[in-house]
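One structure is given below, encoded as structure tokens.
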């Protein structure tokens with residue numbers, strides 16, 4: 001069960017990077033006239049409200065794949081984390097292809113999720129040994 005608690009790094013990591021990315025990107029966009037504070041508020045609203053379905057599905061997918069792949073057997077942990085990353089990231093890669101106006105947001109989310117999966121390997125090893 002300690003392994004499920006290591007999902008916090010994925011959730012927090014993806015949230016922080018997407019928040020910073022959208023806040024900075026929105027404040028630098030020449031087509032939009034808003035202050036940095038307004039960009040921060042818009043980013044929070046976008047991530048929490050617009051992305052609510054994303055967060056619910058993301059957390060459920062992490063828990064389900066952890067239960068089936070990792071919790072009972074930590075052998076080949078790197079491969080299992082990579083497989084989990086590929087499966088969970090697949091819809092976002094599709095979104096990056098289908099929606100060019102949000103492509104960079106999807107790519108940033110997928111890359112961040114990959115990095116947090118690498119960091120999570122250390123947390124899982126620490127929690128189980």
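The values are calculated or read from the model by the stated rules, or taken from the named source; none is laboratory data. Predicted, not measured: the structure shown is a model, and the values here were computed from it. Neighbour counts are summed over all protein chains in view; Cβ atoms, including those assigned to glycine, are modelled from backbone coordinates with ideal geometry.
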* Asked: Which of (1) over 17 Å from residue 65 (Cα atoms); (2) under 15 Å from the mean Cα position of the chain (by Cα); (3) surrounded by 13 or more Cβ atoms within 10 Å (Cβ to Cβ) is the odd one out, the single condition residue 104 does not satisfy?
  -> (3)
* **Residue list for region 46-95, restricted to those being in contact with a helix residue (DSSP H, G or I) (Cβ under 7 Å, 6 or more places away or on another chain), surrounded by fewer than 17 Cβ atoms within 10 Å (Cβ to Cβ) and at pLDDT below 90** => 46, 71, 74
* Just to be sure, is residue 6 over 16 Å from residue 117 (Cβ atoms), at pLDDT 85 or above and crowded, with 18+ Cβ neighbours inside 10 Å? -> no
